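J.: Handing you a structure now.
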Amino acid sequence: MKTKLIVTITLCISHFLFAQKEEVLLTINEEPIYVSEFKRVYEKNLDQIKDEEKDIDKNLNLFINYKLKLIDAYKLKLDTSKTYKSELKSYKNQLMTPYLHDDEFKKQMLKEAYERTVEEVRASHIVIAYPKNKQDNDTIALKQKIEKARQRVLNGEDFIKVAKEVSDDPSVKINGGDLGYFSAFRMVYQFEDVAYTTKIGEVSKPFSTRFGYHILKVTDKRKSRGEFEAAHILIRDLAEKGKSKIDSIYGLTKVGQAFEELAKTYSEDNGSAKYGGKLPRFGAGRMVLPFEDAVAALTKQGEISKPFKTQFGWHIVKLLNKYPVKSFKDLEEDLKRKIRTSNRGNLSTKRLISKLNGEYKPIENKALLKKVMNKEAFSSKDSTSVIYSIKDREIKLKDFLQFSQNKGYVPAQAIWSKFKDQEILNYYKDNLGNIFPEYKYTLQEYKDGLLLFDLMKMKVWNKSQKEDEALVSFFKKNKKKYKTEDIEKVRGEVINDYQKFLEDSWIKDLKSSNTIKVNKRVLKKVKKSYKQ
C-alpha cells in the first residue's frame, strides 16, 4: 500500500536520457534544476494521460511543488530517521540485485539446468569430510587422503571396497557409495557439475564441496523418466515368510480386493499405510533403485506390480500417475526460481566478481599479507596500513581483521579470498549509479518517494485525521457545498477536501519562503520541442 502511495505522490523519473546540452530550466534558492530532469519527469507517463493534462505550465507547477516539498523534508531531517534509513536500505538491496549477476552466464546456467533435467546420471562417490574445526593443515591432509583413494581405484581396486574403507558418508556401508540416478538440483552444484561432465566408467579428479573432498565414478547416464505418484504395500520380513505374505496379498489384488484397503490392513510402512499406501510424488534418486525401476516399468494408471524385493523388505506397488519432463518453455520460470534459491545462484555473482577483478585490477600489499597469513606479530601502525586497494579506494588491515573475527574455523586464505570478493562487490555497488543511470534515477525516485510519504503524513494526512476541531470548523465554513448539517454523512468527502486545503496552504507557504526563478527563454524552447 505504501509503495503505491509513494508512486502516486512522486512524479516518477523516466529512464530516457536526452542527448542535448544541459540547460537550466529554473532555480530554487539559487540551486539549478536542468531541463533533462523536468523532461524525465514529464515524459514518464506522457502516453497514459489525457491531452488536457499534458499542459507544460501545469506540469512545471506540479514539478516545482514536488521540489519544494523535498526541500521541506530535508529541512525537517526526515532523511535521518531510523525507519527511513531501514526502508531505503531494504529497497536498495532489492533494486541492485539484478545488477549483481552476469546476465550471459545466467542464460547459460538456465540452458544447462534444463539439459540436466532431461538427462539423469548415476554415480558412486567417496567423500573425505571436513573436521568440525578445520584448519589449513587439515585441508592438505584431506587432499592427500582423497588422492590416495583415487589412485587405489585407478590401480584396479574395486570402487565399492575402497569406498567402504575410506568414505565418511554414513550410507556407504549400505550402498557402497552408489547414489543411484539423479538430475539437476538434487546435489550441490559442484557435485552435480562433476557428475555430468565425467564420462561413463571414468573416475573424476578430486574436487571439494562444503562437505569435504570427493571423487566420483559415473556408472550410467539415461534419459529422465520424469516423476511418479505411486502407492505401495510393504512387508519388512526379507525371509521366505515375508515372501509368502506379500504373495498372498498380491493374490488378493488379483481377485478384486481394493489396493488401498489392503495397504491399510497389511502394509508395515506406517507412514503411508493410513493413506492407502500412497507415497509423495518422487523422481530419480528419491527411492532405492529396485523400487524406482518397478514403478517405472508400470505403463497404465492403476496397474499393480508383481511382488519385488528391496533392502527394506517385500513390496507391491500401484501406479497412480506419471509426470514426464515438461518442455523448456513450461519449466523456464521454475528453473529460474530454483537457480535463484539454490547454491548455483551465487555462481553468477562469482562470475561478475571475476570480471570486476579483471577490470579494476586491485592491488594487494603482499608483504603485509604474508605477515598476517604466517600469524606474525604486527604493530598498531600495521593495522592502519593499506592491505588492499581498488582504484581510488584503500582498505586497511584493521578492516580485514574485523572481517576475520569469529572465523577461526575457516582457513586464513579462504577468509582473505572472501574478504577480497566482498570489497570488490562493495566498490561496484557504490558505483552502480555511475555505470547504470536507470539504477540511479529509480533509486532517487524511491528516496524522494519515501520522504514525501512521511512528509505528507506529517503535514496533511495525520492532521486531517487527528485535528477533529479543525475539521469541524472547515466543514462549517463550507456547509453550503455539502448541503447537510450532519458532518458524519459526508465525513469522507470533508476529509478529502480538508486535505487538499491543507496541502494548498502548505504549498503557498513554501512558495513564499523559497526563491523560485523560471528561465522563460529555456521554457519556451521546451514547449516548442513538444509542439514539434
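J.: So how many residues does the range 281-299 have that are part of a loop (DSSP other than H, G, I, E, B) and touching a strand residue (DSSP E or B) at 6+ places or on another chain (Cβ under 7 Å)?
T.: 6
J.: Can you name the residue in the range 322-375 that is polar (S, T, N, Q) and in a helix (DSSP H, G or I) and is also least open to solvent (accessible area, probe 1.4 Å) among such residues?
T.: Ser348
J.: Another one. Tally time: how many residues in the range 97-109 are part of a helix (DSSP H, G or I) and either on the phi > 0 side of the Ramachandran plot or buried (at least 17 other Cβ atoms within 10 Å of the Cβ) (or both)?
T.: The qualifying residues number 3.
J.: Please enumerate the residues belonging to the range 239-280 that are in contact with a strand residue (DSSP E or B) (Cβ under 6 Å, 6 or more places away or on another chain) and at pLDDT below 95.
T.: none
J.: Give me the residue from the range 249-307 that is of a type in the set (Val, Ile, Thr) and more than 26 Å from Lys223 (Cα to Cα) and, out of that set, least open to solvent (accessible area, probe 1.4 Å).
T.: It comes out as Ile249.
J.: Then there is this: How about the range 125-229: which helices (runs of 4 or more DSSP H) wholly inside it have at least 2 residues that are closer than 26 Å to Glu115 by Cα, open to solvent by 50 Å² or more (accessible area, probe 1.4 Å) and out of contact with any Pro (no Cβ under 7 Å at 6 or more places or on another chain)?
T.: The helices (runs of 4 or more DSSP H) meeting that bar are 189-197.
J.: Go through the residues of the range 454-463 one by one and say whether even a single one is farther than 30 Å from Lys508 by Cβ, free of Cβ contacts under 8 Å to residues at least 12 places away in the same chain, of a type outside the set (Val, Ile, Thr) and open to solvent by 50 Å² or more (accessible area, probe 1.4 Å).
T.: Checked against the condition, which is being farther than 30 Å from Lys508 by Cβ, free of Cβ contacts under 8 Å to residues at least 12 places away in the same chain, of a type outside the set (Val, Ile, Thr) and open to solvent by 50 Å² or more (accessible area, probe 1.4 Å), the range 454-463 yields no hits at all.
J.: Suppose the filter is surrounded by 15 or more Cβ atoms within 10 Å (Cβ to Cβ) and at pLDDT below 75; does Leu17 pass it?
T.: Spelling it out, it is not the case that Leu17 is surrounded by 15 or more Cβ atoms within 10 Å (Cβ to Cβ) and at pLDDT below 75.
J.: Run down Lys480, Lys528 and say which single residue is loosely packed, with under 12 Cβ neighbours inside 10 Å, out of contact with any Pro (no Cβ under 6 Å at 6 or more places or on another chain) and within 21 Å of Lys58 (Cα to Cα).
T.: The conditions single out Lys528.
J.: Please specify each residue of the range 57-96 satisfying the condition of being open to solvent by 30 Å² or more (accessible area, probe 1.4 Å), of a type in the set (Asp, Glu) and in contact (Cβ under 8 Å) with a residue 60 or more places away in the chain.
T.: Asp79, Glu87, listed by residue number.
J.: Could you identify the single residue in Lys58, Lys4 that is in a helix (DSSP H, G or I), modelled with pLDDT under 90 and on the phi < 0 side of the Ramachandran plot?
T.: When all the criteria are applied, what remains is Lys4.
J.: Quick check: anything in the range 500-514 open to solvent by 70 Å² or more (accessible area, probe 1.4 Å) and either more than 30 Å from Glu37 (Cβ to Cβ) or in contact with a Phe, Trp or Tyr (Cβ under 7 Å, 6 or more places away or on another chain) (or both)?
T.: yes
The values are calculated or read from the model by the stated rules, or taken from the named source; none is laboratory data. The structure displayed is predicted, hence computed values, not measured ones. Ideal geometry is used to build each Cβ from the backbone, glycine not excepted, and the neighbour counts take in all protein chains shown. Keep in mind that these areas ignore ligands, DNA and RNA; they rest on the heavy atoms of the full protein, side chains included. Shrake-Rupley method; radii C 1.70, N 1.55, O 1.52, S 1.80 Å.
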